[in-house]
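The values are calculated or read from the model by the stated rules, or taken from the named source; none is laboratory data. Since this is a predicted model, take the numbers as computed values, not measurements. Reconstructed Cβ throughout: ideal geometry from the backbone, glycine too, with neighbour counts over all protein chains shown. The area values use the complete protein model at the heavy-atom level, side chains included, leaving out ligands, DNA and RNA. Shrake-Rupley method; radii C 1.70, N 1.55, O 1.52, S 1.80 Å.
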Amino acid sequence: MVEKAKATRTIWQRNLKILWIGCFLAGMGFSLVMPFMSLYIDTLGDFSQKQLSLWSGVTFSSTFLVTAIVSPYWGRLADRKGRKLMLLRSALGMAIVIGLMGSVTNVYQLIGLRLLQGVFSGFISNATALIATQVPREQSGKTLGTLTTGSVTGTLLGPFFGGGIAELFGYRIPFLLTGVLLLLVFFLCLFFVKEEFQPVEKGTELSGREVLKNLTYPKVIIGMFVTTMMIQVAANSISPILSLYIKELLGANQNVAFISGIVASVPGIATLIAAPRLGALGDKIGSERILMAGLIFSICLLIPMAFVTNVWQLAVLRFFLGISDAALIPAVQAILTKNSPHVVAGRIFSYNQSFQAMGNVMGPLIGSMISSSLGFRGVFIITPMFVLFNFLLVRRNTKSIHHQRQ
């Protein structure tokens with residue numbers, strides 16, 4: 001029994017290292033192109049500011065619309081076939097699709113490929129699900145926080161390199177580099193990730209309603225799904241307009257893509273430092289407390305962003321926003337892990353991904369509509385209202401966890 005326990009511990013620890021690298025490369029690949037996506041769209045046609053805001057919102061949202069629809073299907077398949085297969089599907093599919101985005105000639109082709117990207121999404125969520133089913137639950141907060149630093153580190157470096165590459169070689173080359181990075185992730189997972197998987201036979205898996213009946217705290221789990229959605233609404237209401245807001249602050253400055261990359265990446269520095277520490281603290285005092293503190297802190301940082309007078313003030317505020325980022329999604333993932341049976345982990349995390357994708361759909365559209373009506377600064381005034389609503393929701397839905405601890 002001791003030898004078996006040691007072997008199991010060795011497998012999840014090795015997988016954590018490999019998937020950290022995989023999430024790092026995936027995060028870098030995604031973030032290579034995101035900071036200047038709006039600027040890239042601007043080169044595909046002659047758009048007014050309102051049209052550009054609208055097309056940016058649609059382009060950002062289109063991937064996540066498909067992801068929200070297909071994620072439950074991939075979750076059921078993961079419970080039957082294993083999470084490693086889902087990692088391979090996602091990495092290879094996105095390598096091809098994102099690589100092709102560098103060759104589009106109009107915004108409609110770009111949106112079409114972004115829709116197709118949604119079919120292959122889910123690498124980081126499946127990596128999380130695989131680790132969550134292997135790690136001891138009392139270490140899940142710290143472990144998932146550590147895994148998060150992989151994608152965060154990649155996301156931190158991606159905009160910096162992507163912005164520089166875009167300035168030197170144009171906006172299309174980073175899409176091709178992203179395809180290469182994701183292809184590398186595919187081979188990394190194929191040869192090095194190990195999964196001791198007990199499949200659920202087709203026809204014997206629990207229905208969605210039966211899954212909820214088998215949860216000790218179904219209200220907590222459903223509440224975390226909605227919380228995830230609201231986190232993404234708040235985060236992605238800003239994404240489509242960030243580079244455009246920076247362009248407005250810079251005026252006639254010609255290094256918009258590069259500076260946008262820097263400003264987009266600075267929250268990752270704080271998240272990288274804070275995520276494992278907040279995860280470990282959550283294991284001691286409760287991940288729900290870390291989550292609520294992170295939401296309040298983000299409100300205190302978002303509102304001043306509407307009143308900055310130069311881009312470096314925005315960068316400083318976004319750096320501290322990275323601390324709140326470290327407290328949000330990792331805390332939600334830890335709460336889901338600690339309150340869900342492993343046999344349905346694939347579906348629990350796929351449901352969560354669907355809600356995350358719905359937030360990713362709603363956020364850019366909401367941000368685009370607000371910026372079209374109230375300007376870019378209005379987004380930073382309205383977004384904290386969603387965060388405040390989310391805080392009240394979390395406090396209500398996690399009361400049962402507090403009662404159990406007491």
**Prompt:** Using the alpha-carbon atoms, what tilt in degrees (0 to 90, nearest 10) does helix 173-192 show relative to the longest principal axis of the chain?
**Reply:** 10
**Prompt:** For segment 1-117, how big is Rg over Rh, using alpha carbon atoms and the Kirkwood form of Rh?
**Reply:** 1.12
**Prompt:** Using a simple charge model, +1 on the beta-carbon of Lys and Arg, -1 on the beta-carbon of Asp and Glu, nothing else, what dipole does segment 1-122 show about its Cα centre, in debye to the nearest 20?
**Reply:** 880
**Complete:** Between the alpha carbon centres of segment 255-288 and segment 229-250 the gap in Å comes to 17
**Fill in**
Taking a ≥ b ≥ c as the square roots of the eigenvalues of the Cα gyration tensor, with a/c under 1.5 meaning rounded and otherwise prolate when a/b exceeds b/c and oblate if not, segment 27-69 is oblate
**Fill in**
All alpha-carbon distances of segment 263-384, grouped into 5 Å bins from 0, give the whole-percent distribution 2, 11, 15, 18, 21, 15, 9, 5, 2, 1, 0
**Message:** Between helix 218-236 and the chain, what is the angle of the helix's C-alpha long axis to the longest principal axis, kept within 0 to 90° and rounded to the nearest 10?
**Reply:** 20
**Item:** Extension gain, residue 50 back to residue 105 (0.36 nm per residue minus Cα-Cα distance, nm)
**Value:** 17.7 nm
**Asked** So how strong a dipole does the chain carry about its Cα centre when Lys and Arg Cβ are +1 and Asp and Glu Cβ are -1, to the nearest 20 debye?
**Response** 1160
**Request:** Decide, for segment 140-183, between rounded, prolate and oblate: order the square roots of the alpha carbon gyration tensor eigenvalues as a ≥ b ≥ c, take rounded if a/c falls under 1.5, and otherwise choose prolate if a/b is larger than b/c, else oblate.
**Result:** oblate
**Fill in**
Taking the chain and counting helices only, DSSP H stretches of n ≥ 4 at -39,500 (n - 2.57) each over all residues, the nearest-500 ellipticity at 222 nm comes to -28500 deg cm²/dmol
**Request:** Using Cα centres only, tell me the gap between segment 298-358 and segment 80-99 in whole Å.
**Result:** 24
**Fill in**
Most packed first (mean Cβ within 10 Å per residue), the peptides 142-149, 375-382 order as 142-149, 375-382
**Request:** Could you tell me how many degrees, from 0 to 90 and to the nearest 10, lie between the Cα long axis of helix 49-81 and the main elongation axis, the longest principal axis, of the Cα atoms of the chain?
**Result:** 20
**Complete:** For segment 87-191, the per residue accessible area (1.4 Å probe, Å²) is 36
**Fill in**
In nm, the gap between the two label points placed 7 Å beyond Cα toward Cβ at residue 313 and residue 381 is 1.6
**Fill in**
Violations at 23 Å Cα threshold for listed pairs 81/142; 219/338; 194/219; 194/284 -> 81/142; 194/219; 194/284
**Asked** the chain: D in µm²/s via Stokes-Einstein (Kirkwood Rh, Cα pairs, 10 °C, 1.306 mPa s)?
**Response** 75
**Message:** Could you give each residue of segment 317-327 its phi-based ³J(HN,Hα) in whole Hz, using Karplus coefficients 6.51, -1.76, 1.60 with θ = phi - 60°, and x for Gly or Pro?
**Reply:** 5, 5, 4, 5, 4, x, 5, 5, 4, 5, 9
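At 1.4 Å probe size, with every protein chain present, just tell me what the per residue accessible area of segment 318-381 comes to in Å².
Averaged over the residues of segment 318-381, the accessible area is 29 Å².
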**Fill in**
Heavy-atom accessible area of segment 278-327 with neighbours in place, 1.4 angstrom probe: carbon+sulfur share in percent works out to 76
